[in-house]
1. Keeping every protein chain present and rolling a 1.4 Å probe, give me the accessible area per residue for region 88-166 in Å².
2. Assuming 0.36 nm per residue, please report the length gained on full extension of the stretch Ser112 to Ala84 beyond their Cα-Cα distance.
3. Which value, in debye to the nearest 20, gives the size of the charge dipole of region 79-155 about its Cα centre, when Lys and Arg are +1 and Asp and Glu are -1 at the Cβ?
4. Once label points are set 7 Å from the Cα along Cα→Cβ at both Thr162 and Ala135, what is their separation, rounded to one decimal in nm?
5. When all protein chains stay in place, what accessible area (Å², nearest 10, 1.4 Å probe) is found for Asp147?
Amino acid sequence: MSTTALSANALVGRHAPEAAPSPSGTPRRRPRIAGTTTEPLPVRACSGDVLGRSDSGRVRRLAVAEAEAPALRLTRRGRMLLTALSVIVFGSAIVVLGLRMAGVLEPGPDFSRTVPVQVAPGQTLWSIAQDTNPAQDPGTVVEKIADLNKLSSPADIVPGQTLQIPIAR
């Protein structure tokens, strides 16, 4: 016997036996292995035009698939960026509203005109500010008086000195 015949005979016993019919007469099916599919594997081949087929159906399927695709897909990095951006926007809005409610962002008094006032003995810029602008914050008025009269400190006034005092509306 030749080696080819010997190898052919050796392989004969190793093939899986054909499905034997069951006692009821129907052939038995082989058990399915988990994780396997019976779908055909994708085949890389030439286009349908070469084979004589038109791919208009394929174009239609692609158009339907594109129409059903979501408009925007965010990656993890995109979601993190969008979250950070919205936290910054809403956080800054809360800070601005909080400062506005606290009065920090409110505009100061509108000083429309000035009047000359002569400093009397014992008077301070604070008392002058309270006398001339009782509805305003004296600290703001003192700062404005010092700016208008080019005073380096509020203690630079002397009795008899004439100061320009701003008057708020």
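1. Result: 67 Å² of accessible area for each residue.
2. Values: separation 28, 0.36 × 28 = 10.08 nm, distance 4.51 nm.
Using 0.36 nm per residue and subtracting the Cα-Cα distance, I get 5.6 nm.
3. Dipole magnitude for region 79-155 comes out near 280 debye.
4. 2.8
5. Roughly 120 Å² of Asp147 is accessible to a 1.4 Å probe.
The values are calculated or read from the model by the stated rules, or taken from the named source; none is laboratory data. Just so it is clear, the model here is predicted, and its values are computed rather than measured. We place every Cβ from the backbone using ideal geometry, glycine too, and count neighbours over all the protein chains shown. We work out accessible area using only protein heavy atoms, side chains counted, and drop any ligands, DNA or RNA first. Shrake-Rupley method; radii C 1.70, N 1.55, O 1.52, S 1.80 Å.
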